[in-house]
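Enquirer: Before anything else, here's the structure in question.
Bear in mind these aren't lab numbers, they're just calculated from the coordinates by the rules spelled out. What you are looking at is a predicted structure, and each value in this text was computed from that prediction instead of being measured. Methodologically, a virtual Cβ is constructed for each residue, glycine included, from the backbone with ideal geometry; neighbour enumeration extends over all protein chains shown.
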Amino acid sequence: MKHVSYWDRLAASYDDLYKDRWSWLEDEHLAKRVRRLYAEAGEGSVLDIGCGTGLGLEMLPEGANYYGVDVSPRMIAVAKAKHPAYRHHFQASDMVHLKGVPSDSFDLVISLHGPLSYCRDPWRASIEIARVLRPGGRFILTAMNRTALWRLRNGWQYKHVFMSSRGDDSDPSMKAEVFTRSELKKLFDWADPSVSGLSMLGRVCEFWPLWPADRLACLLAPGLAYGHIVTGRKRHEQAST
Ligand SMILES: C[S@@+](CC[C@H](N)C(=O)[O-])C[C@H]1O[C@@H](n2cnc3c(N)ncnc32)[C@H](O)[C@@H]1O
């Protein structure tokens, strides 16, 4: 499948693509929120969807009850090699149909750096997240923003971007879905979601001193950030499908 082979191809060099300062700062920003939700979720079980090489695991305290799934078998192989103690906790699976993952089984679902934008059916993926979360369980995910500042010139009317922006071997014909805040709110309305911005200027001005201004801008104008951070909590009364 083209979609899977795209990520398979990136797996071996994936970590090297994000060794720049901005990526590090973004990861720190996300890690703080992940750890806060982990505490709120009683330090219980965590499912990392679209886990890639295991960044989500690296954000959690040692010994966390963590599982990671990803559609790319090669990403999974790299994650296992990097985290041998968790080698049995990583498995290849598509987020639109989390085969073998029981319902109501996780206290926290994380999905970092846009798997929702890359999967082919975000609606089904949101249903799967709701299904595998325990009632009261938390989630945090990021998705690409349709109204991002950097997309001004490209036109906000398009629902997709093509993946050729980084200096990797991206396939320019690979599509990623971009979302407005209200689309995400609708998608996750089962969780009373809160949607905030992820790094407004980061990809526009790769300039370290702007980081605090960048975060402030995200707070003031999250609608222009390049990504969204969506957090929420599965309602207690919600029945799993
Ligand atoms: C940009 S990477 C992020 C990886 C990791 N979460 C991180 O933050 O480093 C996107 C990941 O989503 C995975 N992915 C894409 N579509 C998916 C799907 N339908 N189901 C599960 N994973 C998917 C890719 O294989 C890739 O590892």
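Enquirer: Output wanted: per-residue J couplings in Hz (rounded whole) for the stretch 212-218, from phi through Karplus 6.51 cos²θ - 1.76 cosθ + 1.60, θ = phi - 60°, x for Gly and Pro.
Expert: x, 5, 4, 5, 4, 4, 4
Enquirer: Give me the lysines in straight-line cross-link reach of Lys186: C-alpha distance below 28 Å, same-chain residues under 8 apart excluded.
Expert: Candidates past the 8-residue exclusion: Lys32, Lys99, Lys159, Lys175, Lys234.
Enquirer: If you place +1 on the Cβ of every Lys and Arg, -1 on the Cβ of every Asp and Glu, and leave all else neutral, what size is the dipole of the stretch 2-233 about its Cα centre, to the nearest 20 Debye?
Expert: On the way: 30 positive and 27 negative charges, 97 e Å.
Computed about the Cα centre, the dipole is about 460 debye.
Enquirer: Can you give the extra length, in nm with one decimal, that the chain gains between His97 and Arg120 once fully stretched, where that is 0.36 nm per residue apart less the Cα-Cα distance? Before the final figure, lay out each step's value.
Expert: Values: separation 23, 0.36 × 23 = 8.28 nm, distance 1.12 nm.
Fully extending the segment from His97 to Arg120 adds 7.2 nm.
Enquirer: If one puts a single equal scatterer on every Cα of the stretch 56-160 and applies the Debye formula without solvent, what log₁₀ I(q)/I(0) results at q = 0.12, 0.14, 0.19, 0.21 Å⁻¹?
Expert: The computed values of log10 I(q)/I(0) come out as -0.48, -0.63, -1.03, -1.18.
Enquirer: With a bin width of 10 angstrom, please list the P(r) values of the stretch 1-82 as percents of all Cα-Cα pairs, from the 0 bin to the one holding the largest distance.
Expert: Cα pair-distance distribution for the stretch 1-82, in percent: 17, 45, 31, 6.
Enquirer: For Arg74, Arg146, Arg124, which order do you get if you count the other beta carbons within 10 Å of each Cβ and list the fewest first? Let's see the in-between values first.
Expert: On the way: Arg74 19, Arg146 22, Arg124 14.
Fewest-to-most ranking of Arg74, Arg146, Arg124: Arg124, Arg74, Arg146.
Enquirer: Measuring from label point to label point, each 7 Å out along Cα→Cβ, what is the Ser13 to Ala221 span in nm?
Expert: Going by the 7 Å Cα→Cβ label model, 3.4 nm.
Enquirer: Further question: Kirkwood Rh, the stretch 2-233, all Cα pairs: how many Å?
Expert: Working: mean 1/r = 0.0563 Å⁻¹.
About 17.8 Å for the stretch 2-233.
Enquirer: Right, next: Quick check: residue separation of Trp190 and Glu58 times 0.36 nm, minus the Cα distance between them. What number comes out in nm? Don't skip to the answer; put the middle values down first.
Expert: Details: separation 132, 0.36 × 132 = 47.52 nm, distance 2.85 nm.
The Trp190-Glu58 span can extend by a further 44.7 nm.
Enquirer: Something else now. What distance in nm separates the simple spin-label points at His88 and His3, each placed 7 Å from Cα in the Cβ direction?
Expert: The modelled label-to-label distance comes out at 3.1 nm.
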